[in-house]
Number of protein chains: 2
Amino acid sequence: MATPSINRPSPEKIFNTLTSFQVTAALRAAIDLDIFTFIADGANTPAALAPKTKAAERGMRILCDYMTIHGFLTKDKGTYALTPDSAIFLNRHSPAYMGSTAKFLTSDRSRANFENLSEAVRKGGTVTQEGTNTAPDDEFWVEFARSMASLTAISANFMAELAGSGEGKPIKVLDIAASHGMFGITIAKKNPQAQIVALDWPNVLKVAEENADAAGVRNRMTLLPGSAFDVDMGTGYDCVLVTNLLHHFDEGDCEKLIRKVHHALKPNGKVLTLEFVPNEDRISPPMAAAFSLIMLANTNSGDAYTFAEYEKMFRNSGFAKTTLHQVPDMPQQVLVSEK
Amino acid sequence: MATPSINRPSPEKIFNTLTSFQVTAALRAAIDLDIFTFIADGANTPAALAPKTKAAERGMRILCDYMTIHGFLTKDKGTYALTPDSAIFLNRHSPAYMGSTAKFLTSDRSRANFENLSEAVRKGGTVTQEGTNTAPDDEFWVEFARSMASLTAISANFMAELAGSGEGKPIKVLDIAASHGMFGITIAKKNPQAQIVALDWPNVLKVAEENADAAGVRNRMTLLPGSAFDVDMGTGYDCVLVTNLLHHFDEGDCEKLIRKVHHALKPNGKVLTLEFVPNEDRISPPMAAAFSLIMLANTNSGDAYTFAEYEKMFRNSGFAKTTLHQVPDMPQQVLVSEK
């Protein structure tokens, strides 16, 4: 509702939250119709955008106004322009383009998982799918790999530093649930002596393979197809990457996996775990803490575990020491666990 | 993403918008499970809430943390409490409870209309339903009437003032698309000499009838079932209320309806139109301007019309003068048009 006084109770926030699914839908449509790229290229009125997007001028006017109201465009005398964020992240020509993330974040399955959230709360876990996210060759994770790679650059560089890539020594790295492969690929790019073993389902590994090809490091990446729970990981690794994986499972399954990782590592080897790690209060930092609800909606018993919970899982699995590192400017954290 | 510096480009807003459908789903679940009422009544931990809500303690912990992260609860040492807004608007015992609005705002049809928003933009109108919102006895509008009455108090009081209810003279009021009936009922309560004719579909008028009964004014409300476009409205009205109706139609149909209203009014009678009226820029005030997208998604050719557009429609339909009045603390405006 309209600008209530500060501290005066208002239904505005409640109303806006109950309708915020509409803002998701609008941004998704704007990305889908690629209006940010067309506006950057000079088609900056509804009349100019309509033929480019094969859309009705009326529809384009309403969508662009809505994007302006929500801060993704500016409007001056009927002409739209990009905001700094839109220019960097939503113009397809930008190297930091992240429009592709909309495909995964708002996919049918991602949305379906939230359709019956009351039921998921009642049950204490997902009500819409198999729930362990370990089905072989699930196309959902191909979509993830293709959509979300654009968001990994900062985390991947940060992890590559933690892996000591700058030292340029020969290292053998296991990238578990490699997905797009960008975490291992970044290490390989920074350290010409690094050998990467990428573990994931065969259909997902195709995406990692393409990305390794594009990065010119395909000859130093070995593919290890299968489930992290079942496949023989081999041994002698200097470093194991476990990225966005443990949150899908209960603590028992996490420990099962961590023990396998412990076995695969060299003495003095380390595992780098990229995760959403909330503080003990479980309400901060906001995005790490909020990730818990996504796990409630999407998995049987996954969670955003706290540092104390992870530290215990790694200790129980044989690791001597685990430390927590915030990824700069990102909502995630890295756990470094030493054998 | 986590707290980027001011003015530094960040994917945070884009990421949060692409996932804001999750916040809608969470608030809807919290209202559905009635956690705000239970917390107000003293069940303020996951362990205490679980049996009350028949939910898993784990699900309740994750939902309450998420509601805290998004500012609908506070948390201190594992104990949750309501915020001022939640206490007033989300506790079922509060007279200002608006949890019922979630039913309409997040109903299957409301959400389905946004499922294919790109297609609606391409077409320039809704792709999911008949689109004129004039189907007889549509249960969607019963849901609206039952859900949204709680949000009308401020607007209804404001309109009753504009209708001169305080003067206590005998007046005959036509309430078109009466819905829950609260606009006419409020006039009847303030002016014991007011007679109300409530026009809507028979199934919707049942809700208005119940509300008139509860308000003790049923004996001064006459029911006029049918479509505003087709039914004989009668004549001799001092005042006609047209609330949240014109935005569904194109300008031609609006004028058709306004001419009928003009005919029904006494000389010197006036029509009060409650609407979302954006400024000429169509991007402010934000909620009035944003309403345009809801009409794109839900109707063939409805819109949030500007004052200039409405003024013209009323002038073309025979009205001498139209003025614009902001409803205090609400996102809507009232047009007063004099015959």
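Residues that are aliphatic (A, V, I, L, M) and touching a strand residue (DSSP E or B) at 6+ places or on another chain (Cβ under 6 Å) within the stretch A:311-323 comprise just one, A:Ala320.
All of (1) open to solvent by less than 30 Å² (accessible area, probe 1.4 Å); (2) within 7 Å of chain B (Cβ to nearest Cβ); (3) farther than 27 Å from B:Glu251 by Cβ; (4) without any contact (Cβ under 8 Å) to a residue 24 or more places away in the chain hold for A:Thr68 with one exception: (3). When B:Ser155, B:Ser179, B:Ser147 are screened for being surrounded by 18 or more Cβ atoms within 10 Å (Cβ to Cβ) and touching a Lys or Arg at 6+ places or on another chain (Cβ under 9 Å), only B:Ser147 passes.
Got a sec? Which of B:Phe249, B:Phe229 is among the aromatic types (Phe, Trp, Tyr), within 30 Å of B:Ser301 (Cβ to Cβ) and surrounded by fewer than 22 Cβ atoms within 10 Å (Cβ to Cβ)? Quick ask: steps written out before the conclusion?
On the way: B:Phe249 fails: surrounded by fewer than 22 Cβ atoms within 10 Å (Cβ to Cβ).
Among B:Phe249, B:Phe229, only B:Phe229 is among the aromatic types (Phe, Trp, Tyr), within 30 Å of B:Ser301 (Cβ to Cβ) and surrounded by fewer than 22 Cβ atoms within 10 Å (Cβ to Cβ).
Of the residues in the stretch B:77-95, none is in contact with a Lys or Arg (Cβ under 8 Å, 6 or more places away or on another chain) and among the β-branched types (Val, Ile, Thr). Set side by side, the residues A:Leu265, A:Leu272, A:Leu296 differ, and just one is in contact (Cβ under 8 Å) with a residue 60 or more places away in the chain and within 14 Å of chain B (Cβ to nearest Cβ), which is A:Leu296.
Restricting the search to the stretch B:308-339, which residues are assigned to a loop (DSSP other than H, G, I, E, B) and either of a type in the set (Val, Ile, Thr) or touching a His at 6+ places or on another chain (Cβ under 7 Å) (or both)? Outline the logic, then answer.
Initial filter on the stretch B:308-339 (assigned to a loop (DSSP other than H, G, I, E, B)): B:317-320, B:327-332, B:339.
Within the stretch B:308-339, B:Ser317, B:Gly318, B:Phe319, B:Val327, B:Lys339 meet the criteria.
Taking residues in the stretch A:299-312 that are at negative phi, and partners anywhere that are open to solvent by 50 Å² or more (accessible area, probe 1.4 Å) and hydrophobic (A, V, I, L, M, F, W, C), the pairs with Cβ atoms closer than 8 Å and at least 6 places apart or on different chains are A:Phe307/A:Leu324. Among the residues of the stretch A:214-231, those identified as touching a residue at least 24 places away in the same chain (Cβ under 8 Å) and under 30 Å from A:Asp250 (Cβ atoms) are A:Leu223, A:Leu224, A:Pro225, A:Gly226, A:Ser227, A:Ala228, A:Phe229, A:Val231.
Scanning the stretch A:202-244 for residues being over 21 Å from the mean Cα position of the chain (by Cα) and within 15 Å of A:Asn191 (Cα to Cα) gives a total of 8. Number of residues in the stretch A:214-226 that are open to solvent by 50 Å² or more (accessible area, probe 1.4 Å) and either part of a loop (DSSP other than H, G, I, E, B) or in contact with a strand residue (DSSP E or B) (Cβ under 9 Å, 6 or more places away or on another chain) (or both): the value is 4. For residues that are more than 9 Å from chain B (Cβ to nearest Cβ) and in contact (Cβ under 8 Å) with a residue 24 or more places away in the chain, tally how many sit in the stretch A:79-103. Counting residues in the stretch A:79-103 that are more than 9 Å from chain B (Cβ to nearest Cβ) and in contact (Cβ under 8 Å) with a residue 24 or more places away in the chain gives 10.
Taking the criterion of being of a type in the set (Gly, Ala, Ser) and in contact with a strand residue (DSSP E or B) (Cβ under 7 Å, 6 or more places away or on another chain), the residues of the stretch A:235-287 that qualify are A:Gly236, A:Ala264, A:Gly269.
Take B:Pro95 and tell me if it is assigned to a loop (DSSP other than H, G, I, E, B) and closer than 29 Å to B:Pro225 by Cβ. Quick ask: steps written out before the conclusion?
Numbers: assigned to a loop (DSSP other than H, G, I, E, B): yes; closer than 29 Å to B:Pro225 by Cβ: no.
Criteria not met by B:Pro95.
For the residues A:Ala48, A:Ala40, A:Ala81, the requirement of being over 21 Å from the mean Cα position of the chain (by Cα), open to solvent by 10 Å² or more (accessible area, probe 1.4 Å) and under 27 Å from B:Glu251 (Cβ atoms) singles out A:Ala48. In the stretch B:319-339, the qualifying residues are those that are modelled with pLDDT of 95 or more and out of contact with any helix residue (DSSP H, G or I) (no Cβ under 8 Å at 6 or more places or on another chain), and the one that is most open to solvent (accessible area, probe 1.4 Å) is B:Lys321. Per the listing A:Ala55, A:Ala26, the residue uniquely at the interface with another protein chain (Cβ under 7 Å from one of its Cβ atoms), part of a helix (DSSP H, G or I), touching a residue at least 12 places away in the same chain (Cβ under 8 Å) and of a type in the set (Gly, Ala, Ser) is A:Ala26. Take the conditions facing another protein chain (nearest Cβ under 9 Å), open to solvent by 10 Å² or more (accessible area, probe 1.4 Å) and either outside any loop (DSSP other than H, G, I, E, B) or small (Gly, Ala, Ser) (or both) and apply them to B:Phe15. Does it pass? For B:Phe15, the condition - facing another protein chain (nearest Cβ under 9 Å), open to solvent by 10 Å² or more (accessible area, probe 1.4 Å) and either outside any loop (DSSP other than H, G, I, E, B) or small (Gly, Ala, Ser) (or both) - is met.
The values are calculated or read from the model by the stated rules, or taken from the named source; none is laboratory data. Since the structure is predicted, the reported quantities are computational estimates derived from the model, not experimental observations. As a convention, Cβ positions derive from the backbone with ideal geometry for all residues, glycine included, and neighbour counts pool all protein chains shown. Just so you know, the surface numbers come from the protein's heavy atoms only, side chains and all, with ligands and any DNA or RNA stripped out. Shrake-Rupley method; radii C 1.70, N 1.55, O 1.52, S 1.80 Å.
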